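See structure below.
Rule-based calculations on the coordinates, nothing more; no lab input. Computed from a predicted structure; not experimentally measured. Methodologically, a virtual Cβ is constructed for each residue, glycine included, from the backbone with ideal geometry; neighbour enumeration extends over all protein chains shown.
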Amino acid sequence: MEQGEAILIRRTVWSDTSFLTTWLLPDLGKIRAMAKAARRPGSPFAGKLDLFYHAEIGFARGKGSPPLHQLREVKVITAFNASTVPCANVYTCGYFAELVDLCTEPAEPAPEIFDLLLRAIRHLSEKPATLRAIEHFEAELSRAIGIHEEGSRPLAALERYGGKVPASRLTALKLLGGT
């Protein structure tokens, strides 16, 4: 079994009892892992698979390209409590996670991006989201993936690199009172 520090960036219902999860790890990059029986009452995953959770995960390597791993254990390091922060903060975290998902390749080490996302989630757990925080994240992400161009807008570089920017950006901006 492999283990690593991770941030949950996506969770999808897969079946009546299971979730398909996407995690970002510093050394292993973005991985997908099936959390079998996670939706059953009494599951060992109960309360541990919420978005933006920082955790130590254990998984069995899967086959295929890209591989689908089997999640075996989750030990939460830091929980993101969406019920205690403003709605704009939740949407901003969602935008950051979607942007990271869009701009990272499966199984490519991403220590700088992992650190950036972890710092952003921690910041938004404690302080209100701002346009400045969004623009800072975009600039730092463009630097981390090597596409930052001095004097140009980081958002434009991210769009050229990863495609259309997630709609959650517009939602976060509306909640912040801007457009």
In the chain, lysine pairs with alpha-carbon atoms under 25 angstrom apart (chain gap of 8 or more, or interchain)
13
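What ratio of Cα Rg to 2.2 N^0.38 Å holds for the chain?
On the way: Rg = 16.2 Å, N = 179, 2.2 N^0.38 = 15.8 Å.
Expressed relative to 2.2 N^0.38 Å, the Cα Rg reads 1.03.
GluC sites (Glu not before Pro) within the stretch 42-106: which are DSSP loop residues with at most 11 other Cβ atoms inside 10 Å?
Details: sites: 56, 73, 98; in loops: none.
Counting only loop positions with at most 11 other Cβ atoms within 10 Å, none of the GluC sites (Glu not before Pro) in the stretch 42-106 qualifies.
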Relative contact order for the chain: what is it in percent, counting Cα pairs under 8 Å that are at least 6 residues apart?
21
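Explain nothing, just the number: relative contact order of the stretch 1-64, from Cα pairs under 8 Å at least 6 residues apart, as a whole percent.
Values: 116 pairs, mean separation 25.9, N = 64.
Normalised by residue count, the contact order of the stretch 1-64 is 40 percent.
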Please report, in Å, the Rg and the Dmax of the stretch 2-78, where both are computed over Cα atoms only.
11.2, 33
Distance from the stretch 124-139 to the stretch 1-38 (C-alpha centre basis), Å
25
